[in-house]
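Asker: This is the structure I want to talk about, given as C-alpha cells.
The values are calculated or read from the model by the stated rules, or taken from the named source; none is laboratory data. Since the structure is predicted, the reported quantities are computational estimates derived from the model, not experimental observations. All Cβ positions, even for glycine, are placed from backbone atoms using ideal geometry, and neighbour counts span all protein chains on display. For accessibility, only protein heavy atoms count, side chains too; no ligands or nucleic acids. Shrake-Rupley method; radii C 1.70, N 1.55, O 1.52, S 1.80 Å.
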Amino acid sequence: DNETPFGIFLKDSEKDIGLKGKKQMQLYVRMFNPLIAQDRIQLVQKAKELSPEYAELYDRSKEIDKEYSKKHEDAIKDFNDFIIRNSESENRKTREELYKDPDFLKVWEAEDNIVDEWQAVNRENDYKAKEALTKALKDSGYDGVILKTDTGSFGRSTNTYIILDNTQVKS
C-alpha cells in the first residue's frame with residue numbers, strides 16, 4: 001500500500017492479526033528516532049508534510065482510481081450494450097457464434113484488460129510513493145515508524161513498528 005514506507009513490520013504481541021504466515025519469533029529492535037503516529041491517517045498527514053513528492057504520488061493514487069473506475073464502468077456498459085444489441089437483433093447470434101465473434105471478444109476482454117492496467121499503474125505509483133516516503137523519513141533522521149493503532153483488513157488492529165533498515169533487527 002502507499003500509506004507506509006518500505007521496511008520490516010513488527011508488532012508487540014503474539015496476537016494473530018490475520019495475515020499470511022503463522023510462525024512468529026521474538027526479535028530485538030534498535031530504533032532510536034521513530035516517527036510516531038496515532039494511525040495511518042496521521043502517518044499520511046505527517047508524510048505529506050515531510051515530502052511534497054510523496055504528497056503528489058499519494059494524491060495521484062486517488063486520481064488513478066477515479067480515472068480507471070470510469071474506464072471500468074464504460075467497459076461494463078459497452079459489454080452490456082453489445083449483448084443487448086445482439087439479443088434485439090434480427091440476426092441474433094447463438095452463444096457459440098458470439099464466442100467466436102471478434103467484436104464480442106473485444107468487449108469481453110476489455111474489462112479484464114482495464115483491471116490489469118489499473119492494477120499495474122497503481123502498483124507502479126504505490127512503489128514510487130513508498131520510495132519517496134522511505135527516503136523522506138531517512139533524510140529527516142527517522143529510523144522507523146511507530147503506528148499506535150494500525151487497523152487493517154480482517155478487522156486487525158495492533159501496534160505496528162516499521163524498521164527502515166534490516167540491520168536494526170536481530171533475533
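Asker: Once you've got the GNM for the chain with C-alpha springs shorter than 10 Å, pick whichever of Ala132, Ala37, Ala120 has the biggest mean-square fluctuation.
Answerer: Top of the fluctuation ranking is Ala120.
Asker: Length gain on complete extension for the stretch Glu49 to Glu109, per 0.36 nm per residue less the alpha carbon to alpha carbon distance?
Answerer: Fully extending the segment from Glu49 to Glu109 adds 17.4 nm.
Asker: Kirkwood hydrodynamic radius for the range 110-153: how many Å is it when counted over pairs of different Cα atoms?
Answerer: By the Kirkwood definition, the hydrodynamic radius is 12.9 Å.
Asker: Could I ask something else about it? Over the chain, with a Gaussian network built from C-alpha contacts below 10 Å, which listed residue (Asp126, Asp78, Asp143) shows the highest mean-square fluctuation?
Answerer: Checking each option, the largest mean-square fluctuation is seen for Asp78.
Asker: Express the carbon and sulfur contribution to the solvent-accessible surface of the chain as a percent, rounded to the nearest whole number, probe 1.4 angstrom.
Answerer: The value for the chain is 51 percent carbon and sulfur by accessible area.
Asker: Rounded to two decimals, what is the ratio between the C-alpha radius of gyration of the range 79-171 and 2.2 N^0.38 Å?
Answerer: Scaled against compact globular proteins, the figure is 2.00.
Asker: Viscosity 0.890 mPa s, temperature 25 °C: give me the Stokes-Einstein translational D for the chain in µm²/s, with Rh taken as the Kirkwood radius over C-alpha pairs.
Answerer: 127
Asker: If you don't mind, another one. If R0 is 30 Å, what FRET efficiency do you get for Asp39 and Ile76 from their C-beta distance, rounded to 0.05?
Answerer: 0.30
Asker: Another question, then. Add -39500 (n - 2.57) for each DSSP H run of 4 or more in the chain, then divide by its residues: what number comes out at 222 nm, to the nearest 500 deg cm²/dmol?
Answerer: The helix contribution divided over the chain gives -19000 deg cm²/dmol.
Asker: If you count only protein heavy atoms with a 1.4 Å probe, what accessible area per residue comes out for the chain, rounded to a whole Å²?
Answerer: Per residue, the chain has an accessible area of 68 Å².
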